[in-house]
Amino acid sequence: VIRAATPADAAAITTIYADQVLHGTATAEEVPPPVAEMAARLAKVAVAGLPWLVMEANGAVAGYAFARPYHERAAYRFTVEDAVYVAADARGRGVGRALLTELIARCNTLGLAQMIASITVQAGDASIALHERLGFHKVGEMRAIIRKFGRWLDVVYLQRGLSITD
Ligand SMILES: CC(C)(COP(=O)(O)OP(=O)(O)OC[C@H]1O[C@@H](n2cnc3c(N)ncnc32)[C@H](O)[C@@H]1OP(=O)(O)O)[C@@H](O)C(=O)NCCC(=O)NCCS
């Protein structure tokens with residue numbers, strides 16, 4: 001079941017995210033945010049009128065996806081950035097695909113124009129493959145802009161058109 005996240009999901013989302021903060025390169029954060037901070041992030045996305053979705057399986061949150069404004073300046077308002085995180089034990093079974101598909105559909109309904117994904121290349125092939133399967137195309141790459149676990153990491157940018165195509 002994919003549904004809108006509620007404040008009650010903040011703890012489960014924090015747990016899934018903390019695994020990538022501490023052990024992965026999908027995020028450039030190095031200190032896991034506390035549950036209250038995650039709840040504040042959920043609220044910020046809600047205030048922006050953007051979707052934050054969770055997939056629930058067997059009563060637990062298997063993964064989540066959200067869109068946030070790509071840039072704070074007003075004229076960027078039709079462009080969002082996405083993020084998708086799936087619990088380690090639920091990966092490779094279509095959860096990420098289902099979440100991102102629904103996120104794109106909701107952003108289309110909102111009349112948004114573009115969705116951007118910024119993906120740490122060393123995070124693995126799964127995120128890039130997931131985005132390419134769902135219509136994103138690579139538009140750029142920046143070298144060595146992240147330093148995590150004692151390594152320099154590259155970031156690749158992918159972009160997908162949404163409802164406004166003119
Ligand atoms: C990236 C991530 C969200 C993908 O979610 P998932 O549920 O494991 O992926 P899915 O099972 O839905 O697979 C999505 C597509 O990617 C492909 N894919 C998945 N894992 C892959 C891998 N390791 N290598 C290559 N392709 C892969 C699948 O083949 C699938 O395409 P298909 O449906 O056409 O077969 C998940 O692995 C994850 O949370 N990783 C850590 C956090 C992260 O990198 N998040 C992205 C930050 S934006």
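The values are calculated or read from the model by the stated rules, or taken from the named source; none is laboratory data. Keep in mind the model is a prediction, meaning the values are calculated, not measured. As a convention, Cβ positions derive from the backbone with ideal geometry for all residues, glycine included, and neighbour counts pool all protein chains shown. Please note that ligands, DNA and RNA were not included when accessible areas were found on the heavy atoms of the full protein model with its side chains. Shrake-Rupley method; radii C 1.70, N 1.55, O 1.52, S 1.80 Å.
A few comments on the model shown:
- Residue-level check: of (1) open to solvent by 50 Å² or more (accessible area, probe 1.4 Å); (2) in contact (Cβ under 8 Å) with a residue 24 or more places away in the chain, Tyr64 misses just (1).
- Answer from Thr109, Thr101 - the residue that is modelled with pLDDT of 95 or more, over 25 Å from Asp19 (Cα atoms) and open to solvent by 30 Å² or more (accessible area, probe 1.4 Å): Thr109
- Near pairs, Cβ below 7 angstrom, 6+ apart or cross-chain, from region 12-39 (under 25 Å from Gly59 (Cα atoms)) to any residue that is exposed (fewer than 14 other Cβ atoms within 10 Å of the Cβ) and among the acidic types (Asp, Glu): Val21/Glu29; Val21/Glu30
- Pick from region 127-151, criterion among the charged types (D, E, K, R) and not in a strand (DSSP E or B), ranking: farthest from the ligand (Cβ to nearest atom): Glu132
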